[in-house]
Amino acid sequence: MLGKGGVGKSTVAAALALAKREQGARVLCIELDAPGGTSSALGEALTTPGALVHSRSGVVLTYFDGAAALSEYLRRKVHLGRLTDVVLEHPLYAAFVQAAPGVRELLAIGKVRDELVLQKRWDVVVVDGGASGSALEHLRMPGAAAHAFRRGRVQREARRVHGVLADPKTTSIHVVATAEEMPILEAAETSRRIRYELGLPLGRVIVNRCLSPAPEGVEACLSRLEHTPGSAGLVTAARRALGWERIQERAIQRLERACGLVALRLPRLVTDGFGVNELRTLGRLLVEGT
């Protein structure tokens, strides 16, 4: 799941993971870089990168941090013996991790591939990729590294990871937006980059928090109400709601034209608290639409 911050992509990821689990699948839900919305939506807190947490819903949760993945790689693959801790704790190592372009992203997305392909214990892996810019960097790095390195271990691993990401039988990259100008523009650009720049399989474009369509004949009803004493406030509020619906429709149509896809609409849920029942409502729509 990718999308601009604040559009509800973590909630959508949690809803999809829950729906798949309730269909009987073994589901792992991964957050990249830092834990937050997805694990919180499923009622859990993640504290250790790579640790598997079994939620009460049955969805297994974890998060992958690029720096931690690099440390793990050095411990398992580069045999430094007793020097390992010295290297990892050195200030120059910390500076390298922060400065080296794409190293953390490559290793973090490699961990996703390991869970999906190598572990063979999950039927479905749902990834909350974070904000669009960071998520696109995670998706870009395997292909870039496979192209940059002509041979060797890095080239082989990057090529394998890119192969999994680029396989439409394995991977679908969904983009989440809300029907507002900036999220719509970012979703359109993100979708374009996924499909044409990165050559990866674009799944669904999901518009979250959509207003319900107005009932048929509402305009005629409002016209009659305008002449009813005491109904001015109701008519004003209803026409304002209709105006917002028209703005929403124009935004969604703009996104659909840009992507060449029909958007999957998720409703705005009016509730005192957002919990498992609301996730189930969204999850049913996601499973039907994806």
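Could you work out how far apart the two model spin labels at Leu211 and Leu52 are, taking each label as a point 7 Å from the Cα in the direction of the beta carbon, and quote it in nm?
Each label point lies 7 Å from its Cα, and together they span 4.6 nm.
For a Förster distance of 22 Å, can you work out the FRET efficiency between the beta-carbons of Arg224 and Leu269, rounded to the nearest 0.05?
Step by step, r from the Cβ atoms, then E = 0.10.
Which angle from 0 to 90°, rounded to the nearest 10, does the C-alpha axis of helix 276-289 make with the longest principal axis of the chain?
90
Could you work out Rg/(2.2 N^0.38 Å) for the chain, with Rg from alpha carbons only?
Taking the Cα Rg and dividing by 2.2 N^0.38 Å, one obtains 1.18.
As I understand it, the value is the acute angle between the Cα axis of helix 232-259 and the longest principal axis of the Cα atoms of the chain; what does it come to in degrees, rounded to 10?
Approximately 40 degrees, to the nearest ten.
Can you list which of the trypsin sites (Lys or Arg not before Pro) found in region 156-253 are DSSP loop residues with at most 10 other C-beta atoms within 10 Å?
Answer by residue number: Lys169.
Give the range of the longest stretch in the chain that excludes all GluC sites (Glu not before Pro) found in loop regions by DSSP and having at most 14 other beta-carbon atoms within 10 Å.
Between exposed loop sites, the widest span is 1-215.
Gly3's amide H: which non-local residues (gap 5+, or another chain) put their own amide H closer than 5 Å, with H modeled 1.01 Å from N in plane and none for Pro or chain starts?
Amide H neighbours of Gly3: Ser132, Val176.
Round to the nearest 0.05 the FRET efficiency obtained for Gln155 and Arg240 when R0 = 45 Å and r is the Cβ-Cβ distance.
Approximately 0.20, to the nearest 0.05.
With axes computed from alpha carbons, what is the tilt in degrees of helix 103-113 against the longest principal axis of the chain, rounded to the nearest 10 within 0 to 90?
Compared with the principal axis, the helix lies near 80 degrees.
What is the sum of charges around Arg239, taking Lys and Arg as +1, Asp and Glu as -1, for the other residues whose C-beta is under 13 Å from the C-beta of Arg239?
Local charge sum for Arg239: -1.
Taking the DSSP beta bridges in the chain as the whole, what percent of them are antiparallel, to the nearest 5?
10
Suppose a student asked you for the relative contact order of the chain, using Cα pairs under 8 Å spaced at least 6 residues apart; what percent would you report?
22
Under a point spin-label approximation (7 Å from Cα along Cα-to-Cβ), what is the Glu278-Ala34 distance to one decimal in nm?
Roughly 2.3 nm, to one decimal.
Rule-based calculations on the coordinates, nothing more; no lab input. Predicted model, so just to flag it, every value in this text is computed and none were measured. A quick note on method: Cβ atoms are made from the backbone with ideal geometry, for glycine too, and the neighbour counts reach across all protein chains shown.
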